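Engineer: Take a look at this one; I'll ask things after.
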Amino acid sequence: MDGVKLHGVWASPFSTRVIWALKLKGIPFDYVEEDLSNKSASLLRYNPVHKKIPVLVHGGRPVCESMVIVEYLEEAWPQFPLLPSDPHERAVARFWVKFIEDKSLNVWIAGRSAGEEQEKPMRDSSEMLAILEEHGPNKGKKFFGGDSINIVDIAFGGVAYWMRVIEEVSGGKMFDAAKLPRLNAWMANFESSPVIAKNLPDRGKLRDYFVPVRAKILSSSTSK
Amino acid sequence: MIGEIETLSKSSGGDGRAEEGGDEQFARQDGALKTFKELNKKPTHHRFGLGRTEGIVLISWGFMEGVKLLGTWPSPFSYRVIWALKLKGVKFEYVEEDLGNKSDELLRCNPVHKKIPVLIHGGRPVAESTVILEYIEESWPQNPLLPQDPYDKSVARFWIRFIEDKTPVFFRFCHSTGEQQEEAIREAKKVLKTIEEHALREEDKFFAGDKIGLQDLVFGWLAWLLQALEEVVGVKLLEASEYPRLHRWVQNFRAHDVIRSDLPEHNAMLAYFKRIRETFISSSTSAV
């Protein structure tokens with residue numbers, strides 16, 4: 001059995017990244033919506049270390065961690081390449097994927113915190129954006145991948161779209177469009193591009209999903 | 001002792017030029033560090049095999065395919081790159097950076113993080129150790145350090161990501177005291193348990209099988225740096241009885257020819273991490 005199955009959650013930026021990669025490459029797959037309050041036995045078996053989604057199962061073998069999955073898809077299905085062929089350009093792309101992965105933790109922390117505790121993650125998130133604005137690859141081009149979407153766009157797409165939802169839900173400001181013209185243009189390009197546009201969770205629904213999630217986290221941390 | 005240091009510095013230098021660069025570095029550092037540098041000055045000052053004039057001519061023609069590594073002792077991020085280059089038999093020039101006085105080259109080559117290691121190949125820089133490792137693997141296909149099969153590669157990458165994310169726990173173990181340290185100890189032991197139970201197979205010498213690979217290089221600090229931290233803190237984390245597979249992997253890693261020939265000296269590391277721990281502890285208590 002060489003079928004592809006993705007275990008994910010519709011509201012998750014991490015499983016959405018994998019969906020984008022699958023759709024861009026035209027890879028058929030089955031999708032399993034996981035209930036994080038009641039994780040399936042399969043999920044726990046496939047990802048015993050983290051017990052998290054997304055998990056991609058190919059031919060019965062699980063791959064975990066969204067960007068590890070994207071690299072796997074890149075190697076197993078070479079069509080619509082998500083990485084350049086030149087080793088140095090690949091290294092540049094991977095550098096930025098790592099940068100985004102490491103620094104975007106602040107965005108999620110900002111989503112889980114309030115008041116004084118939220119200030120530093122918000123500042124650090126803004127700093128991440130400023131660095132991407134200035135130094136991100138393929139400046140002047142439509143995407144971080146140049147003329148077409150690549151692995152860096154996928155990595156950042158999972159952050160940028162959700163960042164605005166988090167801003168709405170938590171009342172903080174991380175993305176200042178006036179200060180980030182390049183990223184602003186990038187977001188318009190990315191979110192309107194055919195495959196991505198058809199695979200973006202609805203903003204309103206995401207907001208409705210995260211409001212109670214955030215409330216629950218904040219109330220459990222204050223009741224310590 | 002002084003005589004030994006002098007002898008080491010004379011014999012391990014490549015050509016005169018490498019020595020000059022090294023002396024400039026030493027002059028910038030305090031006395032204590034100089035001793036460590038001398039003790040650890042390795043035969044890693046490989047040159048391109050070109051004379052100085054030829055080197056300059058080729059640089060101006062843009063043909064320079066030389067490899068240079070900017071690193072520091074005893075950074076595990078630096079060492080993993082050194083080992084990868086050596087495993088591939090790649091000749092490279094090593095530059096020891098003074099992190100208190102970073103070179104223009106480092107700042108130019110890694111403007112985002114301003115950190116080592118940075119690999120410069122044919123004049124083009126690559127930053128972030130795990131990114132550098134993948135670059136080395138792709139640029140020099142001899143002696144593969146990643147499995148060929150995409151699935152097995154994804155497993156290696158998963159674990160590389162895992163240990164990179166968990167590294168701060170072990171540095172917290174070194175930097176903290178009291179309740180914070182107890183917490184760090186608990187978390188660190190959970191990490192070791194996860195590796196023991198899920199990352200290592202009974203029958204394998206290294207993570208991916210019989211041959212050393214990128215995953216071993218990234219996990220490598222568990223085999224040489226962790227022991228120095230444990231001694232400085234006075235708490236043993238990696239007990240052989242609790243983590244027999246991991247313990248065996250540590251022995252295998254340390255025994256590997258390439259690793260063994262280039263391991264930071266234990267006593268030098270003890271002094272280094274002791275100083276770091278003291279600095280952290282005194283700055284946190286004075287902040288109260």
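The values are calculated or read from the model by the stated rules, or taken from the named source; none is laboratory data. Everything quoted here is computed from the prediction, not taken from an experiment. Cβ: placed from backbone, ideal geometry, glycine included. Neighbour counts: every protein chain shown. What goes into the accessible areas is simple: the full protein's heavy atoms, side chains included, and nothing from ligands, DNA or RNA. Shrake-Rupley method; radii C 1.70, N 1.55, O 1.52, S 1.80 Å.
Engineer: Given the conditions (1) open to solvent by 60 Å² or more (accessible area, probe 1.4 Å); (2) within 19 Å of B:PHE171 (Cα to Cα), and given that B:ARG260 satisfies all but one, which numbered condition is not satisfied?
Structural biologist: (2)
Engineer: Hey, among the residues in the stretch A:28-60 that are away from chain B (no Cβ under 14 Å) and among the aromatic types (Phe, Trp, Tyr), which one's least open to solvent (accessible area, probe 1.4 Å)?
Structural biologist: In this case the residue turns out to be A:PHE29.
Engineer: Pick from the stretch A:61-92 the residues that are in contact (Cβ under 8 Å) with a residue 24 or more places away in the chain, more than 9 Å from chain B (Cβ to nearest Cβ) and open to solvent by 40 Å² or more (accessible area, probe 1.4 Å): which of them is nearest to B:VAL126 (Cα to Cα)?
Structural biologist: A:PRO81
Engineer: Let me ask something else about it. Sort through A:LYS5, A:LYS25 and tell me the only one that's over 16 Å from the mean Cα position of the chain (by Cα), open to solvent by less than 50 Å² (accessible area, probe 1.4 Å) and modelled with pLDDT of 95 or more.
Structural biologist: Of the residues listed, the single one that is over 16 Å from the mean Cα position of the chain (by Cα), open to solvent by less than 50 Å² (accessible area, probe 1.4 Å) and modelled with pLDDT of 95 or more is A:LYS25.
Engineer: With within 27 Å of A:ASP202 (Cα to Cα), open to solvent by 40 Å² or more (accessible area, probe 1.4 Å) and either within 12 Å of another protein chain (Cβ to nearest Cβ) or in a helix (DSSP H, G or I) (or both) as the only criterion, which of A:GLU117, A:GLU168, A:GLU101, A:GLU134 stands out?
Structural biologist: A:GLU168
Engineer: Which number in (1) more than 28 Å from B:GLN227 (Cα to Cα); (2) more than 9 Å from every other protein chain (Cβ to nearest Cβ); (3) open to solvent by 30 Å² or more (accessible area, probe 1.4 Å) marks the one condition that B:LYS115 misses?
Structural biologist: (1)
Engineer: Could I ask something else about it? I'd like to verify a number: residues in the stretch B:81-107 that are part of a helix (DSSP H, G or I), within 14 Å of another protein chain (Cβ to nearest Cβ) and in contact with a strand residue (DSSP E or B) (Cβ under 8 Å, 6 or more places away or on another chain), how many?
Structural biologist: Summing the residues that are part of a helix (DSSP H, G or I), within 14 Å of another protein chain (Cβ to nearest Cβ) and in contact with a strand residue (DSSP E or B) (Cβ under 8 Å, 6 or more places away or on another chain) in the stretch B:81-107 gives 1.
Engineer: To continue, here is another question. Have a look at A:TRP186, A:TRP162 and point out the one that is touching a residue at least 40 places away in the same chain (Cβ under 8 Å), open to solvent by less than 50 Å² (accessible area, probe 1.4 Å), out of contact with any Asp or Glu (no Cβ under 9 Å at 6 or more places or on another chain) and aromatic (Phe, Trp, Tyr).
Structural biologist: Only one candidate passes the filter, namely A:TRP162.
Engineer: Continuing with the same structure: Go through the stretch B:143-174 residue by residue and tally those that are more than 21 Å from A:PHE95 (Cα to Cα) and out of contact with any Lys or Arg (no Cβ under 6 Å at 6 or more places or on another chain).
Structural biologist: So the answer is 9.
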